[in-house]
Amino acid sequence: MKNLRVVFMGTPEFAVAPLGSLLMNGYNIVSVVTSPDKPAGRGRSVTKSAVKLFAESNYLPLLQPENLKNPVFVERLKRLNADVFVVVAFRMLPREVWEIPSRGTINLHASLLPQYRGAAPINHVIINGESITGVTTFLIDDKIDTGNILLRHEVPVFPFEDAGDLHDKLMKHGARLVIKTLEGLAGNFIKPQNQSNFMMPGEILKPAPKIFPDFCNIVWDREPQKLHNLVRGLSPYPCARTVFKNEKRTITCKIFESQPETAPHLLHPGQIVSDCKSFIKIACNGGFLKILSLQAEGKKRLGTEDFLRGFKIEEFSAPVN
């Protein structure tokens, strides 16, 4: 098992735990492939990916191709004579890359495939109010997240968890599943299965597309629980957003934590209810969303009481759109 020659491909923090697990379990990592360094933040300073930082600190061979179809890069991969590629949170691979290793190219996905295919499964699972999710390893093919499944592991989603909490939990479960998958491949006791085998009759697939800024805008004529799930599913990044508006100013705010309250009222969606000292509630369809922590544009994140010390909330409302 440990003689398997492994090429690992990944970029963000989510991929570091599986890479670290491979290293700690003694796998022969012949190269790590990650994204090129790129400018980030307000200062636009060149930033290394989380995977690159880990690889460098552990003296692992590193490749950072701009173009995954570049013949020079493809040839370098072939010369590594890898038995398997392990991919976690990386780019879509072209056929000339994923078909190289003899035992296939394995991808770790942060959902129970075939549900929540796409770039943001952790976010969408919480936004949709799911109570169960998980991690899946599968063999990459020509399409996105559609290859034959190797292993799946269920993980509960608790009502108090946000996307950050679930990210960290799935990262650890995913790291263990990658090791279990490689053990199964080495021992030839995992049989890849078509994703349709994991669907119930009549089951509808829910996608997990990349999240764009407009998706983060809160629409206040929705139900409290749906709005609360949106806040949870987008926290701590990129965050659900609303605007506080009066005749003179419009202030964009990120909402990090909330609490749904179901209650009858005759208020317009977006109308703010507050004692101006300790709480902020915003009217929605069938109740209120109580804001527990938030961040005004250009300011730091604050709990509601601290926020109200410097903000005259009584002058503002939160428009429906």
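Among the small types (Gly, Ala, Ser), assigned to a loop (DSSP other than H, G, I, E, B) and touching a Leu at 6+ places or on another chain (Cβ under 6 Å) - does that describe any residue in region 102-122? Steps first, answer last, please.
Filtering region 102-122 down to residues among the small types (Gly, Ala, Ser) leaves 102, 104, 110-111, 118-120.
Cutting the leftovers down to assigned to a loop (DSSP other than H, G, I, E, B) gives us 102, 104, 110-111, 118-120.
Next cut, touching a Leu at 6+ places or on another chain (Cβ under 6 Å) only: 104, 110.
Yes, the conditions are met somewhere in region 102-122.
Determine, yes or no, whether Val32 is among the aliphatic types (A, V, I, L, M), assigned by TED's automatic domain parsing to the domain that holds Ala175 and either in a helix (DSSP H, G or I) or within 28 Å of Ile190 (Cα to Cα) (or both).
yes
Would you point out which residue out of Ser111, Ser102 is modelled with pLDDT under 95 and more than 18 Å from Thr34 (Cα to Cα)?
That would be Ser102, the only listed residue that is modelled with pLDDT under 95 and more than 18 Å from Thr34 (Cα to Cα).
So that you can scan it fast, the table gives a plain yes or no per residue for (1) in the same structural domain as Asn25 (by TED's automatic domain parsing); (2) under 30 Å from His265 (Cα atoms); (3) over 14 Å from the mean Cα position of the chain (by Cα):
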| residue | (1), (2), (3) |
| --- | --- |
| Gly164 | yes, no, no |
| Gly174 | yes, no, no |
| Lys180 | yes, no, yes |
| Leu185 | yes, no, yes |
| Asn188 | yes, no, yes |
| Gln193 | yes, no, yes |
| Asn217 | no, yes, yes |
| Lys226 | no, yes, yes |
| Thr242 | no, yes, yes |
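Using the structure shown, decide if Leu60 is farther than 30 Å from Cys216 by Cβ and assigned to a strand (DSSP E or B).
No: the conditions fail for Leu60.
Mind checking whether some residue in region 92-107 is touching a residue at least 24 places away in the same chain (Cβ under 8 Å), surrounded by 13 or more Cβ atoms within 10 Å (Cβ to Cβ) and basic (Lys, Arg)?
Checked region 92-107: at least one residue is touching a residue at least 24 places away in the same chain (Cβ under 8 Å), surrounded by 13 or more Cβ atoms within 10 Å (Cβ to Cβ) and basic (Lys, Arg).
Could you go through region 36-48 and let me know if any residue there is modelled with pLDDT of 95 or more, of a type in the set (Gly, Ala, Ser) and either assigned by TED's automatic domain parsing to the domain that holds Pro121 or part of a loop (DSSP other than H, G, I, E, B) (or both).
No - not one qualifying residue is present in region 36-48.
Name the residue that is surrounded by the most Cβ atoms within 10 Å (Cβ to Cβ), counting only residues in region 25-79 that are over 23 Å from the mean Cα position of the chain (by Cα) and small (Gly, Ala, Ser).
Out of the qualifying residues, it is Ser31.
Does region 117-136 hold any residues that are within 19 Å of Ala89 (Cβ to Cβ) and surrounded by fewer than 19 Cβ atoms within 10 Å (Cβ to Cβ), and which are they?
Gly118, Ala119
If you take the residues in region 236-269 that are polar (S, T, N, Q) and in a strand (DSSP E or B), which one is surrounded by the most Cβ atoms within 10 Å (Cβ to Cβ)?
In this case the residue turns out to be Ser258.
Among (1) outside any loop (DSSP other than H, G, I, E, B); (2) under 28 Å from Gly164 (Cα atoms); (3) β-branched (Val, Ile, Thr), there is one condition Ile211 misses while meeting the rest; what is its number?
With respect to (1) outside any loop (DSSP other than H, G, I, E, B); (2) under 28 Å from Gly164 (Cα atoms); (3) β-branched (Val, Ile, Thr), Ile211 is out only on (1).
The values are calculated or read from the model by the stated rules, or taken from the named source; none is laboratory data. None of the values given here were measured: they were computed from a predicted structure. Note: ideal-geometry Cβ built from the backbone for every residue, glycine included; neighbour counts use all protein chains shown.
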